[in-house]
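A.B. asks: One structure is given below, represented as structure tokens, and several questions about it will come after.
The values are calculated or read from the model by the stated rules, or taken from the named source; none is laboratory data. The structure presented is a predicted model; accordingly, all values stated were derived computationally and were not measured. Using ideal geometry, Cβ is built from the backbone for each residue, glycine included, and neighbour counts are taken over all protein chains shown.
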Amino acid sequence: MTIRILSGLALTALLATAAQAECNYPKSPANLPDGNTATQDQMVEGMKQVKEYNGAVTAYLSCLEQEMNARVEAAGPDAPAEQIEQIKAIHNKRHNAAVDELEQTWPGGTPLWFYVLKEAEHRGGGDRLGPVGGRIVAEVLIGLLRADPASYLSLEPGWQPDLPTAGPGFGLADLLTLGIHRDPA
């Protein structure tokens with residue numbers, strides 16, 4: 001039994017060495033711009049670097065997952081539970097180290113604008129805000145209207161539009177249509 005465990009651990013170590021050569025740890029971007037002082041071009045370049053790094057880390061994590069599955073499969077169905085747990089523990093340490101370094105890309109935490117842009121990229125193909133980004137923008141606009149003592153929301157809080165609508169309720173599209181067809185007089 002001891003020989004079997006030792007040979008299993010030796011095989012795991014051999015596979016780990018071979019697999020580590022295949023899973024290349026990505027280099028994090030250096031000198032990311034400060035959003036308070038950077039130009040638009042610097043911010044776009046910084047976002048490009050972060051996207052590339054994020055993609056490289058995602059590929060690395062996928063490689064680690066494949067590596068772990070290959071190690072478990074190579075250990076065989078009769079492998080001791082301790083050996084499988086050791087393989088998974090090594091995988092988890094490497095996975096967590098990569099995620100920790102990815103999080104350090106933004107020392108003060110990932111900026112909100114990056115989350116909003118990523119959500120827009122994944123949910124709307126980059127053409128429109130996602131649900132969280134849209135909600136943030138809507139709440140800011142509503143907050144501005146409520147804070148403005150001269151806005152309709154402040155002067156007439158119970159006001160409801162009674163204009164023609166294209167659907168069951170008055171929406172933003174109806175408001176824009178009204179603005180387009182309005183007489184400039």
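A.B. asks: Hey, among Glu119, Glu101, which residue is within 14 Å of the chain's Cα centre (by Cα) and surrounded by 12 or more Cβ atoms within 10 Å (Cβ to Cβ)? Break it down stepwise before answering.
C.D. replies: Details: Glu101 fails: within 14 Å of the chain's Cα centre (by Cα).
Of Glu119, Glu101, the one residue that is within 14 Å of the chain's Cα centre (by Cα) and surrounded by 12 or more Cβ atoms within 10 Å (Cβ to Cβ) is Glu119.
A.B. asks: Could you check Leu153 against (1) surrounded by 12 or more Cβ atoms within 10 Å (Cβ to Cβ); (2) of a type outside the set (Phe, Trp, Tyr); (3) within 19 Å of the chain's Cα centre (by Cα) and say which number it fails?
C.D. replies: Looking at each condition in turn, Leu153 falls short on (3).
A.B. asks: Looking at Lys51, is it among the charged types (D, E, K, R) and either modelled with pLDDT under 90 or surrounded by 12 or more Cβ atoms within 10 Å (Cβ to Cβ) (or both)?
C.D. replies: Here the answer is yes, as Lys51 does meet what is asked.
A.B. asks: For region 50-76, give me the residue count where each residue is in contact (Cβ under 8 Å) with a residue 60 or more places away in the chain and under 17 Å from Ile87 (Cα atoms).
C.D. replies: Within region 50-76, residues that are in contact (Cβ under 8 Å) with a residue 60 or more places away in the chain and under 17 Å from Ile87 (Cα atoms) number 2.
A.B. asks: Okay, next question. Output the number of residues of region 132-179 satisfying the condition of being among the hydrophobic types (A, V, I, L, M, F, W, C), farther than 30 Å from Glu121 by Cβ and outside any loop (DSSP other than H, G, I, E, B).
C.D. replies: Final tally of qualifying residues: 4.
A.B. asks: Here are some conditions: (1) at pLDDT below 90; (2) closer than 22 Å to Gly46 by Cβ; (3) not in a loop (DSSP other than H, G, I, E, B). Thr105 meets all but one. Which one does it not meet?
C.D. replies: (3)
Quick grid of which residues meet (1) in the same structural domain as Gly126 (by TED's automatic domain parsing); (2) more than 30 Å from Trp113 (Cα to Cα); (3) in contact with a Pro (Cβ under 8 Å, 6 or more places away or on another chain):
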residue: Glu52; (1), (2), (3): no, no, yes
residue: Val57; (1), (2), (3): no, no, yes
residue: Ile90; (1), (2), (3): no, yes, no
residue: Ala97; (1), (2), (3): no, no, no
residue: Glu101; (1), (2), (3): no, no, no
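A.B. asks: Filtering region 108-131 down to residues that are part of a loop (DSSP other than H, G, I, E, B) and out of contact with any helix residue (DSSP H, G or I) (no Cβ under 9 Å at 6 or more places or on another chain), which residue is modelled with the highest pLDDT? Can you show your working first?
C.D. replies: At the first step, the residues of region 108-131 found to be part of a loop (DSSP other than H, G, I, E, B) are 108-111, 125-130.
Okay, now just the ones that are also out of contact with any helix residue (DSSP H, G or I) (no Cβ under 9 Å at 6 or more places or on another chain), so 108, 111, 125.
On the way: Gly108: 69, Pro111: 76, Gly125: 80.
For region 108-131, the residue satisfying everything is Gly125.
A.B. asks: Taking region 58-85 only, how many residues are among the polar types (S, T, N, Q) and either part of a loop (DSSP other than H, G, I, E, B) or surrounded by 18 or more Cβ atoms within 10 Å (Cβ to Cβ) (or both)?
C.D. replies: Number satisfying all stated conditions: 1.
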